[in-house]
Amino acid sequence: MRHYYTADQIRAAEAPLLASLPDGVLMRRAAYGLATAIATELKAHTGGVSGRSVCAVVGSGDNGGDALWAVTFLRRRGAAATAVLLNPDHTHVKALAAFRKAGGRVVETIPPTTDLVIDGVVGIGATGALRPNAAAVFDANTAPVVAVDLPSGIDVQTGAADGPHVRAALTVTFGGLKPVHGLADCGRVELIDIGLDLPEPALLGFEAHDIRTRWPVPRPADDKYSQGVKGILAGSATYPGAAILSTGAAVAATSGMVRYAGSAHAEVVSHWPEVVAASDASAAGRVQAWVVGPGIGIDTAGDEALRFALATDLPVIVDADALTLLAADLDLVADRTAPTVLTPHAGEFARLAGHPPGSDRVGAARALAERLGATVLLKGNVTVIADPDGPTYLNPAGQSWAATAGSGDVLSGVIGALLASGIAPGEAAAMAAFVHARAAGLAAADPGPHPAPTSAHRILAHVRAAIASL
């Protein structure tokens, strides 16, 4: 499980350690870890450290000190070391003295022969874009960049980059991951343990082994009912494909049983003969969770399907057209005691919340979840899952192959399958987002060797492979 901590949590955890250690020890501990990570990076790409050239771009805070100590350690291992001091009068004194004593040179710009650049401009306490002088230094650079703690110019809490910022191949951070490492492009992220005693994390992120241990598999005594019966209210004469995609995803995600109710029942059964289909919800039979919304339209029939699902005491996933209908009557979810999962993209979120999510997507998702008492899955390249009764999860997709029409219908079917099996709504949504992103990546890579455009139908076809790969 990935744990993400706020800047305040990290600083509070550092305080007792700083008080108990001699001055400068914690910085040098962090800088040694940074130098080791950079040495590994140099070996991987250039064959070694000795004879290579490393340049640190140094700001006035502790990150500048970390960068100077790290480049000093690399100089002692045989690298040519230079440093660009953005604010010479406020550079870390001891680190600069050690750098110069080791033979490091202060320069005005990054030398064109530099093999690697260290971004030590600002740390986790900074806000806003890069200042013009720092932006100019990086604009002229062509070497790969290793960022200290976070790429400078990106907000540590929201991951927003509203102006000039550093683009890092590798980010080395200390003590604990911060929200920026899940929300923004930080390149590869490496965490250095510096001995912090950290509290409960502000954010979580599933990794493959977390999904593997949680994904439902049939137990010896299970039957098709005990594994969870999924109910799908999706599709219409205009959009039968949405029903096919959502129902197919529910079939692929778990064993057990899927019931479909809607006007696309003939098309659904022709694609998925194992599905038990009916023309309306009242005739569908008993289920453990409902998926409502993909392709149902926003007419009277769609509204009736939404109200039927939300009037039950079952978990309900509200997606697509049903979100548009719900935005007109939010009271439908206000008093529900059973779990409700809302899966908006940015436009749907704006209709529900009355405003777009903005740059603080985590804060926006949490606020809507608390307001409605529902789990909110805010779609995006980094999906945010906010649970009013539990943690918030981040799911960085690492690619955008899932950004294709109908992809959300597949996601809703997977969430429905997990909810029907008894998994809590926040975990179910986060697990489904993880597998959905993996299925999209597999679909784009099939048959290989290079990724190519994919589609929701192909993503659906790779859901089982994505689960099996875990």
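Mind jotting down the distance between the C-alpha centroids of the stretch 20-43 and the stretch 280-348, whole Å?
52 Å
Roughly speaking, what is the stretch gain from residue 280 to residue 213, that is 0.36 nm per residue apart minus the C-alpha to C-alpha distance, in nm to one decimal? Could the numbers behind the result be given before it?
Numbers: separation 67, 0.36 × 67 = 24.12 nm, distance 3.62 nm.
Going from the current span to full extension adds 20.5 nm.
As an exercise, use a Förster radius of 51 Å and the Cβ-Cβ distance of residue 271 and residue 193 to find the FRET efficiency, rounded to the nearest 0.05. Walk me through the intermediate numbers first.
On the way: r = 50 Å, r/R0 = 0.98.
Taking R0 as 51 Å, the efficiency between residue 271 and residue 193 is 0.50.
Can you bin the stretch 127-176 into rounded, prolate or oblate? Criterion: square roots of the alpha carbon gyration tensor eigenvalues sorted a ≥ b ≥ c, rounded for a/c under 1.5, prolate for a/b above b/c, oblate for the rest.
Working: a/c = 2.32, a/b = 1.19, b/c = 1.94.
Judged from the Cα gyration tensor, the stretch 127-176 comes out oblate (a/c at least 1.5, b/c at or above a/b).
Between 92, 113, 63, whose Cα lies farthest towards the positive end of the dipole of the stretch 2-201 when Lys and Arg beta carbons carry +1 and Asp and Glu beta carbons carry -1, centred on the Cα centre?
It is 113, whose Cα lies furthest towards the positive end.
Please name which of 292, 254, 279 has its Cα lying farthest along the dipole of the stretch 253-307 towards the positive end, using unit charges on Cβ (Lys, Arg +1; Asp, Glu -1) and the Cα centre as origin.
254
Suppose we keep just the alpha-carbon trace of the stretch 391-434; what are its Rg and Dmax in angstrom?
Rg and Dmax of the stretch 391-434, Cα atoms, are 11.0, 30 Å.
Return the carbon/sulfur percentage of the accessible area of the stretch 1-158, one whole number, probe 1.4 Å, all protein chains in place.
Working: 3740 of 7000 Å².
Reported share for carbon and sulfur atoms: 53 percent.
Using the Cα gyration tensor of the stretch 208-469, with a ≥ b ≥ c the square roots of its eigenvalues, what is the shape: rounded (a/c below 1.5), prolate (a/b larger than b/c) or oblate (neither)? The partial results should precede the final answer.
Values: a/c = 1.27, a/b = 1.02, b/c = 1.24.
Rounded is the answer for the stretch 208-469, as its axis ratio a/c remains below 1.5.
With charges only on Cβ, +1 for K and R and -1 for D and E, what is the dipole size of the stretch 160-287 about its Cα centre, in debye, rounded to 20? If you can, show how the numbers build up before the last one.
On the way: 10 positive and 13 negative charges, 72 e Å.
Using Cβ point charges on Lys, Arg, Asp and Glu, the stretch 160-287 gives about 340 debye.
Given the -39500 (n - 2.57) contribution per DSSP H run of 4+ residues, what per-residue ellipticity at 222 nm results for the chain, rounded to the nearest 500 deg cm²/dmol? Numbers along the way, then the final one.
Details: 18 runs with 189 residues, N = 470.
Calculated mean residue ellipticity at 222 nm is -12000 deg cm²/dmol.
Kindly point out which whole DSSP H helices in the chain project their C-alpha atoms 24 angstrom or further along the helix axis while averaging a Kyte-Doolittle hydropathy of 0.0 or above. Don't jump to the answer; show the numbers that get you there.
Working: long enough: 25-46 (30 Å, 0.43); 425-445 (30 Å, 0.90).
Helices meeting the span and hydropathy rule in the chain are 25-46, 425-445.
Let me know the longest stretch in the chain that avoids all GluC sites (Glu not before Pro) found in a DSSP loop with at most 13 other C-beta atoms within 10 Å. The partial results should precede the final answer.
Values: sites that count: 108, 207, 274.
It works out to 275-470.
Between rounded, prolate and oblate, where does the chain land on the alpha carbon gyration tensor, with a ≥ b ≥ c its root eigenvalues, rounded for a/c under 1.5, else prolate if a/b exceeds b/c? Don't skip to the end; give the middle numbers.
On the way: a/c = 2.57, a/b = 2.31, b/c = 1.11.
Taking the square roots of the gyration eigenvalues as a ≥ b ≥ c, the chain is prolate.
Using a probe radius of 1.4 Å on heavy atoms only, what accessible surface per residue do you get for the stretch 208-469? Whole Å² is fine. If you can, show how the numbers build up before the last one.
Numbers: 10520 Å² over 262 residues.
On a per-residue basis, 40 Å².
The values are calculated or read from the model by the stated rules, or taken from the named source; none is laboratory data. Just so it is clear, the structure is predicted and the values come from calculations on it, not from any experiment. Counting neighbours? That spans all protein chains shown, and the Cβs are built from the backbone with ideal geometry, glycine included. Each accessible area value is taken on the protein alone, full model and side chains, heavy atoms only, with ligands, DNA and RNA left out. Shrake-Rupley method; radii C 1.70, N 1.55, O 1.52, S 1.80 Å.
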